[in-house]
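See below for the structure under consideration.
FYI, it's all coordinate maths here, none of it is from the lab. This is a predicted model, so every value here is computed, not measured. Neighbour counts are summed over all protein chains in view; Cβ atoms, including those assigned to glycine, are modelled from backbone coordinates with ideal geometry.
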Amino acid sequence: MNIKKDSAHISLQVGNQLFLKPEFKKLIPPLNLHQFSYKDYLAKQHIYHQIFTSKSHYRRLNNNHYSLITLSASVRRKIQTSLKKHNFSKNEYAVINALLLGQRQEISKELLQDYTNAGAIHILAISGLHIGIILLILSFLFKPIERFKNGRLIKSILIILLLWMFAFIAGLSASVMRAVTMFSFVAIGASFKKKKIIEHSLISSMFLLLLIKPLFLFDVGFQLSYLAVFGIVWVQPLLYNLWKPNFWLLDNFWRLFTVSVAAQTGILPISLYYFHQFPALFILSNLIIIPFLGGILIGGILIITLSLLNILPQLIADFYGWIISFMNETVSWISNKEEFLFKEISMSFIEMIVWYLFIVLAFRFLISKNIKRFRYFLISIILVQSVYIFEAYQRNNKQELIVFHKSRKNLIGIRNSKKLELYHNLDSNKIDTEKSIIAYRINENIKSDFSSKKPTLLKFKSDTILIVDSLGIYQFKSIKNPIVLLQNSPKINLNRLIKKINPKQIVADGSNYKSYISRWNMTCRQRKTPFYHTGQNGAYIIK
């Protein structure tokens, strides 16, 4: 539901019930190639329509709906109100809100981008990292309980209760509940102290979550969480055993370094597939921040508790705020080293699969070196090479003409092998940030070349494309059955144009008025001429 912003608008709270008569609208799929599909993303959460409304078109009812989610939101609002009394800066409060309460709405785009570029975005989202750290701290604190009868069982129950209390305060979101479920199983498994119990616990938690909600399998957060943890469980011991420092501090840093590398090994192929960038300084940001993250989390929980009891000294609040500010500044400094941020890395789905096959078979060979596993390892190398050779062949032999959809603008691309030549009227300062071109260029692994010249005729294979812009010129005697591209709302008599040149297809891009498009569509129906509108059907492609 989308509500129009209004200065007099009263903010809605979790649990409020509304009375309205909406018009359900279908979610719009991406209109250009390789762009993120918000429609598919919501479909995996069983959401298929959207509504647009404003304050004057709905009524808030008095009978609120009460549930665990409502109660959780109420507790969180109380915590937020108590924190605001202690004069945290905007960025300090935003990070505390994200780190401890699972709410990222207050974080500025600049700060969020800094954490993304530094490879530290996982710090701001309550996930397996946070829950895992809390589990380790609680395990250490409750270790003396193991001396008593049934101590391990009592310890596991206490840890699980406290983990779920944290999840409750953090809003019981899907990502938090996944992480807590995962580590609840780990906590239970750890109490048995048997070989490979961690792997069995992780697989059991995954199986339970997928039984409850099978579509979690397609959730990026779910995939990243489990792959990172499996990377740590399987790869980290191999890396750690390569070198064993005698000095305690050096040993801990080496352990943390190997954990970071192992986690990155687990998620690298899939993160390149989804996000197409690699922050090479992720190790630096993790080495600097993660050793202190446990203290930051425990300190934050203490800050929340004291603020709720109204006994939080301002000096302690200021000190905690300074720590958060220092962390933000450190992340900002790391993110500014743009030479270490590798962007626009192409990774296809097939490439991702063969890389994971390579990682798994390499791990199995390193664990148990025998000829059979060595053969499988060599086969995985050949598969990786074969996929890259096949995709390079496809890329080198691909040709297509694309009329991209761009609201109020023109954008035509002619793809020939590994090069995309573009004709456009985009603003010169926005060319490099044009999302439709970036998405196409990354996923196709090609280069693009922009040209501001506006052709009136284009030849592509056996097709002639006649471009009719706002001038409305189309007097070409030798043209027969062209594809006509209408741009910038030309004031033409379409009936006369169809009769004169008999086009095989009429295409209207995103630069035309909607009223003109409706009229042209009606004319084409009457004349039985195919009509294509990029704003409704997506980019027009000739192959």
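Details
- Charge dipole magnitude, Cβ of K and R +1, D and E -1 - segment 457-542, Cα centre, debye nearest 20: 440
- Virtual spin-label span in nm between Glu106 and Lys85, 7 Å along Cα→Cβ: 1.5
- Within a straight-line Cα-Cα reach of under 14 Å, Lys343 can be paired with the following aspartates and glutamates, leaving aside sequence neighbours fewer than 8 residues apart in one chain: Asp432.
- Approximating the spin labels as points 7 Å out from Cα along Cα→Cβ, the Ser348-to-Leu20 distance works out to 4.4 nm.
- Under 15 Å from a label point set 7 Å out along the Cα-to-Cβ vector of Gln399, the amide N atoms of segment 449-493 belong to 458-465.
- Taken as entire DSSP H runs, the helices of the chain that both span 30 Å or more between Cα atoms along their own long axis and average -0.5 or more on the Kyte-Doolittle scale are 248-275, 282-308, 314-335, 371-396.
- Charge sum, other residues only, whose C-beta stays under 9 Å from Ile483's C-beta, Lys/Arg counted +1 and Asp/Glu -1: 0
- Sorting the segments 53-62, 155-164 by their residues' average number of neighbouring beta-carbon atoms within 10 angstrom, most packed first, yields 155-164, 53-62.
- Antiparallel DSSP beta bridges within the chain, as percent of all bridges there, nearest 5: 60
- The H on the amide N of Thr464, modeled in the peptide plane, is under 5 Å from the matching H of Ile483, each at least 5 residues off or on a different chain.
- Dividing the convex hull volume of the alpha-carbon atoms in segment 304-426 by its residue count gives 274 Å³ per residue.
- Cα gyration tensor, segment 388-481 - rounded (a/c under 1.5), prolate or oblate: oblate
- Panel values: the chain, Kirkwood radius from alpha carbon pairs, Stokes-Einstein at 10 °C and 1.306 mPa s, translational diffusion coefficient 57 µm²/s.
- Euclidean distance of C-alpha centroids, segment 321-379 and segment 23-51, integer Å: 31
- Distance between the modelled labels on Val384 and Ser417, one decimal in nanometres: 2.8 nm (7 Å Cα→Cβ projection).
- Given their separation in residues at 0.36 nm each and the Cα-Cα distance between them, Leu217 and Tyr274 gain 19.0 nm when the chain is fully extended.
- Shape call, segment 349-396: gyration tensor on alpha carbons, a/c limit 1.5: prolate
- Taking Cβ atoms as reference points and 12 Å as the exclusive limit, the residues near Thr464 contribute a net charge of +3, counting Lys and Arg as +1 and Asp and Glu as -1.
- Secondary structure note: in segment 456-543, about 25% of the DSSP beta bridges are antiparallel.
- When the chain is described by a simple charge dipole with +1 on each Lys and Arg Cβ and -1 on each Asp and Glu Cβ, the residue from Asn493, Ile288, Val75 located farthest towards its positive end is Asn493.
- Stokes-Einstein D for segment 402-454, Kirkwood Rh over Cα pairs, 25 °C, 0.890 mPa s (µm²/s): 220
- Built from the Cα atoms of segment 1-55, the convex hull projects on average onto 5.3 nm², one quarter of its surface area.
- Shape category assigned to segment 457-542 from the gyration tensor of Cα positions, a/c cut at 1.5: rounded
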